[in-house]
């Protein structure tokens, strides 16, 4: 239940268009709805400004669709991560306005398209193979009302590509750097900008990258100041954190 929905409810009561009893029936969904297999935190949007995000992996298509349908009743924007095409097809049966982003494996519902800020979040990748994680970050930030500038394939193996994009990167308010292999790009960017840098290690790389652990350790051990690191392949976490910073 987002703040817009709640304010509209209170306005209707104040204007006499709805009885207090009718409003109370709707407010019974707070603080959560028990679906049996899931307890939806309908109060989260009021507390944090964002609705509960649906982590679709591990859920059946029917479970994911039921959660989307409940959240869709009284939230403007909804985000589901790690979603398969099969889950999306089921979700679309009950929420026709849902959109699937296959590269990021993300489902979005965006009834409210307005931006909450004009401050830009830059999402940078070291390589093309990092784009799926970067897209999860970018779509998360966009769904939460932020303008996003995507700058892809500017890794340290051809660092001149990064320097070419520095004016765009430096004009952003927050920078998300997504990199696999050795993960060096976050340190380089951190040493070139005066904005918060959120580093996302990806599981892209050969055997000794250990599924992203190599990039994770490089980012955690960066000598460049001002870098925060999220979990391996956690584009959602980076997009969410960037959005929180962006609306301060």
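Assorted remarks:
- Stretch gain in nm, segment residue 119-residue 159, where the contour uses 0.36 nm per residue and the Cα spacing is subtracted: 11.8 nm
- Taking the longest Cα principal axis of the chain as reference, the axis of helix 131-143 is set at about 40 degrees.
- The eigenvalues of the Cα gyration tensor, multiplied by 5 and square-rooted, give the stretch 82-143 an equivalent ellipsoid with semi-axes of 23, 18, 5 Å from largest to smallest.
- Taking every C-alpha pair closer than 8 Å and separated by at least 6 residues, the mean separation divided by the residue count of the chain gives a relative contact order of 14 percent.
- Once C-alpha pairs closer than 8 Å and six or more residues apart are averaged by separation and normalised to the residue number of the stretch 121-246, the relative contact order reads 29 percent.
- Residue among 16, 49, 145 with the largest mean-square fluctuation in a Gaussian network model of the chain, springs linking Cα atoms under 10 Å: 16
- Degrees between helix 61-72 axis and first principal axis of the chain (Cα, 0 to 90, nearest 10): 70
- Cα-only Debye scattering, the stretch 67-206: base-10 log of I(q)/I(0) at q = 0.16 Å⁻¹: -0.84
- For P(r) over Cα pairs in 5 Å bins from 0, in percent, the value calculated from this model appears in [x] 1, 6, 13, 17, 19, 17, 13, 8, 4, 1, 0, 0; [y] 1, 6, 12, 14, 13, 9, 5, 3, 4, 5, 6, 7, 6, 5, 3, 2, 0, 0; [z] 1, 7, 13, 16, 16, 14, 12, 9, 6, 3, 2, 1, 0, 0 under label [z].
- Computed helical MRE - 222 nm, the chain, DSSP H runs ≥ 4 contributing -39500 (n - 2.57), nearest 500: -11000 deg cm²/dmol
- For the chain, the longest principal axis of the Cα atoms and the long axis of helix 3-14 meet at an angle of about 20 degrees.
Only the coordinates and a few stated rules stand behind these numbers; no lab work does. This structure is a prediction, so every number in the text was calculated from the model and none was measured.
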